[in-house]
Amino acid sequence: MATCLSPKKHHLVCELGSVVDSDAEDVRGIPFFDSKAGLLLWNLLPVNGVSLDDGLKSTEFMYESYVATLAPYCHTLHEWVLRQSDVDISEKYTKHLEWTGNTQLFLDCFKMARSGQGVTASLSILLSTAAMERALGDVFLVRSKDPCPAMLKNLLATQELIDIFRENAITLLQILIGPPTSLNLRNILWHGFAAPDEIPMRYSTFLLLVVASLSSLLTEHQITPCHIPHRTPLTLPQLQTEIFTQRFPDFNAADLDQIWELFSTTNFFHKSMLPFCNAALDYFKEDKYGMTNALLLPQLENGLRGLFATANDCPERLLTAESDYFTTFDEMLCPTLSHDEFVNALIPTLGESYMEMLLDLLVHPDGPRLRDHISHGEFDLHTMVRSSAVHVITVCAAFCRMGSDQALAQVPLLSRINTMAVDYTSLFHPICLAKEELLSFIKSLSKWVDLRGPEDEGVASCKAWSGGDSGSVGRRRELMRSLLRMNHGEQFMESEHLMESTLMPFSDLQPLVECISKSSAETLFRSRKELEVTSLLRRITVQCEATGVNVVIMATQRYQQYVAMELRSRQRANYSRLLNSIPRLSSGLRLIILLLFCQLRNLTSLKSSTSKDIQSQIKFLKGVLRYAENVNSLTGPERNKWDECCTLIESLYSLVQSYSVKLKP
């Protein structure tokens with residue numbers, strides 16, 4: 001297949017307006033362009049307004065007419081931009097790009113667009129459309145208190161932007177980056193449909209002129225760059241960076257040569273797209289990791305689309321659509337095909353580990369969602385960490401290796417990547433995160449045994465910590481036994497040691513840690529009701545761990561003040577209540593730990609539960625969450641209500657007991 005653009009899209013983008021009259025090379029013949037300022041004159045732009053009610057559904061003929069009218073002008077303007085020096089570009093456009101909050105990126109895009117190379121010109125469109133969307137969203141926030149629309153098509157249809165930029169500018173943006181029937185430059189590149197030399201370079205420079213020229217419309221509304229609330233770019237959390245580093249191996253220059261050999265010989269990447277892949281690896285060598293990701297992620301989508309089309313016997317899906325929908329990651333990573341109930345055959349073709357690898361990278365809300373965030377201009381590409389690009393390259397290599405020749409498959413690095421991909425388990429699925437967060441909570445609670453307290457009984461008797469607490473051990477034991485019986489059934493006796501490890505306020509929790517660490521759960525395409533329960537479990541865990549932090553901080557601070565004899569009489573009394581409450585708090589939190597563990601282990605049983613039972617379970621967990629939130633609040637540094645905390649723990653016991661009674665057969 002020579003192109004991934006449909007015949008109509010190829011005609012619209014690549015052919016229409018490509019023949020230019022040599023007499024039309026002088027910008028003085030363009031009535032809507034001010035060559036001195038280098039800006040478009042919006043009131044003279046030769047476009048008719050798109051209906052703002054249904055502009056996204058404008059006819060193909062309408063867009064063909066627009067493109068045929070504009071394309072010759074775009075060509076002439078491109079030639080004019082090529083004749084400008086870097087100094088000219090900087091002097092003309094720096095102040096007109098300040099409204100974007102990303103001036104340097106757009107100046108860099110001018111250099112790329114003027115390079116004469118298809119890859120860099122296409123990269124200019126990738127970067128400029130993403131940054132433009134982000135900037136337009138910032139302008140929207142000048143006039144609206146509502147959240148910025150997540151989709152570009154919805155953003156362009158907002159009344160706020162229409163009022164500021166007026167119909168001519170919005171129409172032009174619709175022509176360039178609007179619906180599938182338009183040029184749709186953003187989507188055909190970001191979704192991996194367009195090869196490096198397919199999009200005429202005139203559009204890369206014209207997009208930049210449009211961005212700069214929008215500044216004049218902002219000036220008319222007295223909106224200066226300082227009035228625009230630019231949102232802070234996203235950064236990868238440290239946890240995600242560490243996970244990236246641990247999951248797949250880093251590589252050196254020699255390894256990159258082997259990876260390029262794999263990329264260039266595989267059937268996974270479309271041959272016409274290989275220049276993108278080669279440039280991505282070159283940018284990696286230059287430590288430009290954001291550029292690597294921006295170039296490779298669309299090719300990962302294009303390659304996956306080929307597997308999807310083959311698996312589901314729908315070769316037409318390889319091309320851009322003529323309707324409202326392209327075949328994108330969103331559809332390819334769903335369990336069923338859109339608009340019907342047929343199973344997505346890509347899933348058994350790839351296997352669970354490869355699906356989990358893609359969902360982790362692209363979909364899960366707590367994952368990096370790199371393609372989504374980068375394509376919407378939410379990341380600062382200049383600050384992207386190396387591990388993110390290593391991860392993207394490695395994921396691409398894992399897919400490429402599936403169809404590589406045997407000799408290349410034996411290369412140690414590629415063999416290691418394959419092993420890791422085959423054994424891949426989810427890192428960012430809510431159930432996996434719930435498990436990790438529970439382990440973190442247990443680890444923090446285990447440190448309570450190391451809390452120091454005064455030994456003289458004038459303050460409090462801390463020796464009682466080692467033997468028990470003032471609560472009923474027998475009552476807790478029966479509650480824990482009920483939880484284990486309900487959730488483990490015939491395996492209850494095997495779980496008795498788990499109860500003993502959590503029963504006493506300072507007993508060793510290692511048996512439970514080992515049991516949780518060894519446990520595994522299916523994560524692929526879990527039901528909404530299971531994820532709702534998982535969300536509640538995670539929220540409870542967060543509140544409980546925060547309580548643990550509060551107690552450690554306050555106990556440590558009060559002990560230091562006690563040793564230094566800095567406690568006033570009321571503080572000494574409060575310290576005494578804190579010390580006496582610690583065993584009860586520990587016992588209550590340990591009961592919650594066991595409850596969370598049982599609920600996680602029991603998630604799969606929700607498939608056979610009635611709607612009434614599930615609602616009862618959710619209601620119960622919301623009740624536990626309220627207790628956890630209240631205890632967290634009462635242990636905070638501003639409150640220190642230790643007696644009230646103990647009262648809440650007793651109420652929690654009653655709640656758990658009532659729920660367990662309801663569930664008894």
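Please work out if residue 202 is touching a residue at least 24 places away in the same chain (Cβ under 8 Å), closer than 24 Å to residue 382 by Cα, among the basic types (Lys, Arg) and open to solvent by 10 Å² or more (accessible area, probe 1.4 Å). No: the conditions fail for residue 202. Any residue at all in the range 307-326 that's β-branched (Val, Ile, Thr) and part of a helix (DSSP H, G or I)? Within the range 307-326, one or more residues are β-branched (Val, Ile, Thr) and part of a helix (DSSP H, G or I).
Among the candidates 164, 125, 170, single out the residue that is modelled with pLDDT under 95 and crowded, with 19+ Cβ neighbours inside 10 Å.
Going through 164, 125, 170 in turn, the sole match is 170.
Residues in the range 618-651 that are in contact (Cβ under 8 Å) with a residue 12 or more places away in the chain and either more than 30 Å from the chain's Cα centre (by Cα) or open to solvent by less than 20 Å² (accessible area, probe 1.4 Å) (or both): 23 in all. Taking (1) open to solvent by less than 40 Å² (accessible area, probe 1.4 Å); (2) closer than 21 Å to residue 106 by Cβ in turn, residue 263 satisfies each apart from (2).
Scanning the range 73-108 for residues that are of a type in the set (Gly, Ala, Ser) and more than 33 Å from the chain's Cα centre (by Cα) gives 85, 90.
Looking only at the range 284-322, which residues are under 24 Å from residue 260 (Cα atoms) and either surrounded by fewer than 19 Cβ atoms within 10 Å (Cβ to Cβ) or of a type in the set (Gly, Ala, Ser) (or both)? Residues satisfying the conditions are 285, 286, 287, 288, 290, 294, 303, 306. Of the residues 111, 95, the single one that is at pLDDT 95 or above, open to solvent by 60 Å² or more (accessible area, probe 1.4 Å) and under 25 Å from residue 279 (Cβ atoms) is 111.
For the range 342-350, check the following and say yes or no: at least one residue is open to solvent by less than 20 Å² (accessible area, probe 1.4 Å) and either in a loop (DSSP other than H, G, I, E, B) or closer than 27 Å to residue 100 by Cα (or both). Looking through the range 342-350, at least one residue is open to solvent by less than 20 Å² (accessible area, probe 1.4 Å) and either in a loop (DSSP other than H, G, I, E, B) or closer than 27 Å to residue 100 by Cα (or both).
The set of residues from the range 587-613 being of a type in the set (Gly, Ala, Ser) and buried (at least 22 other Cβ atoms within 10 Å of the Cβ) comprises 587, 588. Scanning the range 188-199 for residues that are open to solvent by 10 Å² or more (accessible area, probe 1.4 Å) and out of contact with any Ser or Thr (no Cβ under 8 Å at 6 or more places or on another chain) returns a single hit, 197.
Checked against (1) modelled with pLDDT of 95 or more; (2) part of a helix (DSSP H, G or I), residue 194 passes all but condition (2). Selection of first residues in the range 536-554 that are of a type in the set (Gly, Ala, Ser) and of second residues that are buried (at least 21 other Cβ atoms within 10 Å of the Cβ), restricted to Cβ pairs under 6 Å at least 6 apart or on distinct chains, gives the following pairs, ordered by first then second residue: 548/445. Please work out which one of (1) surrounded by fewer than 20 Cβ atoms within 10 Å (Cβ to Cβ); (2) at pLDDT 95 or above is the condition residue 130 fails and give its number. Residue 130 satisfies all of (1) surrounded by fewer than 20 Cβ atoms within 10 Å (Cβ to Cβ); (2) at pLDDT 95 or above except (1).
The values are calculated or read from the model by the stated rules, or taken from the named source; none is laboratory data. From a predicted model like this one, the values you see are computed outputs, not experimental measurements. Because the Cβ atoms are built from the backbone with ideal geometry, glycine has one as well, and the counts that use them run over all protein chains shown. Please note that ligands, DNA and RNA were not included when accessible areas were found on the heavy atoms of the full protein model with its side chains. Shrake-Rupley method; radii C 1.70, N 1.55, O 1.52, S 1.80 Å.
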